1. When you look at THR26, is it modelled with pLDDT of 95 or more and either surrounded by 11 or more Cβ atoms within 10 Å (Cβ to Cβ) or of a type in the set (Lys, Arg) (or both), yes or no?
2. Among VAL93, VAL63, VAL101, which is touching a residue at least 60 places away in the same chain (Cβ under 8 Å), out of contact with any Cys (no Cβ under 9 Å at 6 or more places or on another chain) and aliphatic (A, V, I, L, M)?
3. Of the residues LYS54, LYS49, which is among the basic types (Lys, Arg), surrounded by 10 or more Cβ atoms within 10 Å (Cβ to Cβ) and under 13 Å from the mean Cα position of the chain (by Cα)?
4. Against the definition (surrounded by 14 or more Cβ atoms within 10 Å (Cβ to Cβ), β-branched (Val, Ile, Thr), at pLDDT 95 or above and under 18 Å from the mean Cα position of the chain (by Cα)), how does ILE60 come out, yes or no?
Amino acid sequence: MPVEKELIYDSALGERARIYLTFDLTVTRNRTDYQRISDNVERGSYEIKINNSKSEAHAITVVEHLYGEWEILENSDEYEKTDAFTIEFRVMVHAMGTKTVSCTVERRS
């Protein structure tokens, strides 16, 4: 079911308009695990959940920014490294479905 948000907007001419926004695609990102390996190494696992409430499938690009010297240890889907600090997961979310992308990253400072 789409999430709806009603906004009431007062225009410059003194008229009032109601705008309904529907969020058919929602994304939540959670850190599911964290470990301090040593003074300069940490490991974190992340889960990005995409929910599609539309009646058609959608291609989604999930962008993750990673800082320092990093390495992906585990990943649920293929990713592309677009620059030194960014990776992108390009995934398809089925109609009325949910797609979960997960990865474990080790960072060194």
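1. Values: modelled with pLDDT of 95 or more: no; either surrounded by 11 or more Cβ atoms within 10 Å (Cβ to Cβ) or of a type in the set (Lys, Arg) (or both): yes.
Taking the combined requirement at face value, the residue does not satisfy it.
2. After applying the criteria, what remains is VAL93.
3. On the way: LYS54 fails: under 13 Å from the mean Cα position of the chain (by Cα).
Exactly one residue qualifies, and that residue is LYS49.
4. Working: surrounded by 14 or more Cβ atoms within 10 Å (Cβ to Cβ): yes; β-branched (Val, Ile, Thr): yes; at pLDDT 95 or above: no; under 18 Å from the mean Cα position of the chain (by Cα): yes.
Here the answer is no, as ILE60 does not meet what is asked.
For (1) among the hydroxyl-bearing types (Ser, Thr, Tyr); (2) touching a Lys or Arg at 6+ places or on another chain (Cβ under 9 Å); (3) at pLDDT 95 or above; (4) surrounded by fewer than 16 Cβ atoms within 10 Å (Cβ to Cβ), each residue gets a yes or a no:
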residue	(1), (2), (3), (4)
HIS65	no, no, no, yes
GLY68	no, yes, no, yes
GLU74	no, no, yes, yes
ASP77	no, yes, yes, yes
VAL91	no, yes, yes, no
GLY97	no, no, yes, yes
THR104	yes, yes, yes, no
SER109	yes, no, no, yes
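The values are calculated or read from the model by the stated rules, or taken from the named source; none is laboratory data. Small disclaimer: the values here were computed from a predicted structure and weren't measured. Glycine gets a Cβ as well: all are built from the backbone with ideal geometry, and neighbour counts include every protein chain shown.
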